[in-house]
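Novice: What follows is a single structure, and I will ask about it in a moment.
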Amino acid sequence: MQTVRLGRTNVQVSVAGLGCGGHSRLGMARGADVHQAANIVRRALDLGVSFIDTARAYGTEEAVGEAIAGRRDQVFLSTKAGAGRGRDGAPITAAELTESLEGSLRRLGTDHVDVFHLHGVQPGQYDHCAEVLVPEMKRQQQAGKIRFLGVTEQFGGDTGHAMLPRALGDDYFDVIMVGFNLVNPSARARVFPLALAHDVGTLIMFAVRRQLSDPAALREAVAGLVARGEVDGGRVDLADPLGFLRDHAGIGSVVEAAYRFCRHEPGAQVILTGTGDAAHLEANLAAIQAPPLPAQVQARLADLFGRVDSVSGN
């Protein structure tokens, strides 16, 4: 397994990280039980994955805890607490943040997490996070329960990255999670330069979501991008917008291309992938570790999607 230095944490971790949320949640979203989900985590560890990302909201912390029992020293472990509470999104208190952390530690069966994130922070929540929650995270860091502070954006509602540049400018966080993919590469200009300047570790989510695995969803999304003027309709095949990727002899699939696109982007470090199927996991890990896309393919993707910032790929 290839490794990468995760920013100023100065820790070498696997370039592929196992994401335990998303549409799969280690297969639990489709009926897998906690033990079956734990087997996926064990398989990832056996394949050399050392970065595991979960969250209270995913419902997979117990599965991760079961899988890493006796192997904690092999894992760089990431979990999260939502910055808002319930459907109204009212901000959580410092005490509620600590309660969430303690619950995560119990479910994970560990006395510390390597990264503890504020989860899905929306632009309007950021001030509260900075003023109330970050000081509490630092207190828990001093207590030894958190090694590094992290924050994740709510990419589905913040596709243009309004929150993360503020967080990077304030320099509170050692690690960020950012949405980036070949249909919305806007983090290339808006996030990665700042992350590199501050030596902040980056976790890439949304590398492959529905629009990059479902041709019908992709056609619908691209039609919308053309209508909004973000994609030039005269330069894209609306019937098969990414067909040119499959036509290239060195690219096995659109999904493979999507992972390769993210993996070799300057500023992108750990590429997250999630699944409940061991064979699918192995294929995704191979794609993440494959060589960069050919220069002419990268140029065409930049030409087609370089102005897009309104979709997440979901």
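The values are calculated or read from the model by the stated rules, or taken from the named source; none is laboratory data. Being a predicted model, the structure only gives us computed values, none of them experimental. All Cβ positions, even for glycine, are placed from backbone atoms using ideal geometry, and neighbour counts span all protein chains on display. Side chains included, ligands, DNA and RNA excluded: accessible areas come from the protein's heavy atoms. Shrake-Rupley method; radii C 1.70, N 1.55, O 1.52, S 1.80 Å.
Novice: What is the magnitude of the charge dipole of the chain about its Cα centre, with +1 placed on the Cβ of each Lys and Arg, -1 on the Cβ of each Asp and Glu, and no other charges, expressed in debye to the nearest 20? Write out the running numbers ahead of the final one.
Specialist: Working: 31 positive and 35 negative charges, 45 e Å.
Roughly 220 debye, rounded to the nearest 20.
Novice: Of all DSSP beta bridges located in the range 1-97, what percent are antiparallel, nearest 5? Each step should come with its number before you reach the end.
Specialist: Working: 5 of 11 bridges.
If we restrict to bridges inside the range 1-97, about 45 percent are antiparallel.
Novice: Same structure, new question: Can you divide the C-alpha Rg of the chain by 2.2 N^0.38 Å and report the result to two decimal places?
Specialist: So the Cα radius of gyration is 0.96 times the expected 2.2 N^0.38 Å.
Novice: Work out how far the C-alpha atoms of the range 147-260 reach from end to end along every principal axis, then list the three figures in whole Å, largest first.
Specialist: 46, 32, 21
Novice: From the phi angles alone, apply the Karplus equation (6.51, -1.76, 1.60; θ = phi - 60°) to the range 15-27 and give each ³J(HN,Hα) in whole Hz, x where the residue is Gly or Pro.
Specialist: Values, residue by residue: 5, 9, x, 7, x, 9, x, x, 6, 9, 6, 6, x Hz.
Novice: Over the range 238-314, what portion of Cα pair distances is larger than 18 Å, expressed as a whole percent?
Specialist: Every Cα pair in the range 238-314 considered, those over 18 Å come to 45 percent.
Novice: Give me the three principal axis extents of the range 64-148 from the C-alpha atoms, as integers in angstrom, largest value leading.
Specialist: Result for the range 64-148: principal-axis Cα extents of 40, 27, 19 Å.
Novice: Could you compute how fast the range 128-171 diffuses translationally, taking Rh as the Kirkwood radius over C-alpha pairs and applying Stokes-Einstein at 25 °C with viscosity 0.890 mPa s? Give it in µm² per second.
Specialist: D = 211 µm²/s.
Novice: Express in nm, to one decimal, how much length is gained between LEU196 and GLU131 on full extension, taking 0.36 nm for each residue of separation and deducting their alpha carbon distance.
Specialist: That pair, LEU196 and GLU131, stretches by 21.0 nm at full extension.
Novice: For the chain, report the accessible area per residue in Å² (1.4 Å probe, heavy atoms, rounded to an integer).
Specialist: In whole numbers, the chain has 40 Å² accessible per residue.
Novice: Round to a whole number: what % of the accessible area of the chain belongs to carbon and sulfur, probe 1.4 Å?
Specialist: Ligands and nucleic acids excluded, carbon and sulfur give 48 percent.
Novice: Another one. Near the amide H of GLY17, under 5 Å away, which other amide H atoms are found, from residues 5 or more places off or on another chain, if H is placed in the peptide plane?
Specialist: The list, which skips near neighbours in sequence, is ILE271, LEU272, THR273.
Novice: Could you run the Debye sum over the Cα atoms of the range 208-264, one equal point scatterer each and no solvent, and tell me log10 of I(q)/I(0) at q = 0.15, 0.16, 0.18, 0.23 Å⁻¹, two decimals?
Specialist: Ignoring solvent entirely, the Cα scatterers give -0.45, -0.51, -0.64, -0.96.
Novice: If one computes P(r) from the Cα atoms of the range 94-138, what percent of pairs lie at distances over 11 Å?
Specialist: Of the Cα pairs, 69 percent sit more than 11 Å apart.
Novice: Find the eigenvalues of the gyration tensor of the Cα atoms of the range 186-314, then list the square roots of 5 times those eigenvalues as equivalent ellipsoid semi-axes, largest first, in whole angstrom. Don't jump to the answer; show the numbers that get you there.
Specialist: Working: eigenvalues 100, 76, 41 Å².
After diagonalising the Cα gyration tensor, the semi-axes are 22, 19, 14 Å.
Novice: Take every Cα pair under 8 Å in the chain that's 6+ residues apart, average their separations, divide by the length, and report that relative contact order as a whole percent.
Specialist: Worked out over the chain, it gives 21 percent.
Novice: For the range 219-289, run through the trypsin sites (Lys or Arg not before Pro) and keep only the ones in DSSP coil with at most 12 other Cβ atoms within 10 Å of their Cβ. Provide the component values of the computation, followed by the final result.
Specialist: Details: sites: ARG219, ARG228, ARG235, ARG246, ARG260, ARG263; in loops: ARG228.
Counting only loop positions with at most 12 other Cβ atoms within 10 Å, the trypsin sites (Lys or Arg not before Pro) in the range 219-289 are ARG228.
Novice: Then there's this: Rounded to whole Hz and in sequence order, give me ³J(HN,Hα) for the range 218-229 from the Karplus expression 6.51 cos²θ - 1.76 cosθ + 1.60, θ = phi - 60°, writing x for Gly and Pro.
Specialist: 5, 4, 5, 5, 5, 4, x, 5, 5, 4, 8, x
Novice: Simple spin-label model, 7 Å along Cα-to-Cβ: ARG210 to ARG30 in nm?
Specialist: 1.6 nm
Novice: Using the Karplus equation 6.51 cos²θ - 1.76 cosθ + 1.60 (θ = phi - 60°), what ³J(HN,Hα) coupling, rounded to whole Hz, does each residue of the range 168-183 give in order, writing x for Gly and Pro?
Specialist: Along the range 168-183, the couplings run 5, x, 6, 6, 7, 10, 8, 9, 10, 10, 10, x, 7, 7, 6, 9 Hz.
Novice: Moving to a separate point now. Please report, for the Cα atoms of the range 183-232, the Rg to one decimal and the Dmax as a whole number; what are they, in angstrom?
Specialist: When restricted to the Cα atoms of the range 183-232, Rg and Dmax are 14.1, 40 Å.
Novice: Once label points are set 7 Å from the Cα along Cα→Cβ at both HIS264 and ALA94, what is their separation, rounded to one decimal in nm?
Specialist: Simple spin-label model gives 4.8 nm for this pair.
Novice: Share of antiparallel DSSP beta bridges in the chain, in percent to the nearest 5?
Specialist: Values: 6 of 36 bridges.
Given both bridge residues lie in the chain, the antiparallel proportion sits at roughly 15 percent.
Novice: Mind listing P(r) for the range 1-61? All alpha-carbon pairs, 5 Å bins, whole percents.
Specialist: 4, 19, 25, 22, 15, 10, 4, 1
Novice: Right, another one. Take the Cα radius of gyration of the range 1-122 and divide it by 2.2 N^0.38 Å, with N its residue count; two decimals is plenty.
Specialist: Numbers: Rg = 14.4 Å, N = 122, 2.2 N^0.38 = 13.7 Å.
Relative to the rule-of-thumb radius for its length, the range 1-122 sits at 1.05.
Novice: Then there's this: Can you give the Rg to Rh ratio for the range 105-189, taking only C-alpha atoms and Rh from Kirkwood?
Specialist: 1.01
Novice: Sticking with this one: Can you give the Rg/Rh ratio of the range 62-218, where Rg is from the C-alpha atoms and Rh is the Kirkwood radius?
Specialist: With Rg and the Kirkwood Rh in hand, the quotient comes to 0.98.
Novice: Note down the magnitude of the dipole of the range 27-186 about its Cα centre, charges +1 on Lys and Arg C-beta and -1 on Asp and Glu C-beta and zero elsewhere, to the nearest 20 debye. If you can, show how the numbers build up before the last one.
Specialist: Values: 16 positive and 21 negative charges, 71 e Å.
Using only the charged Cβ atoms, the result is roughly 340 debye.
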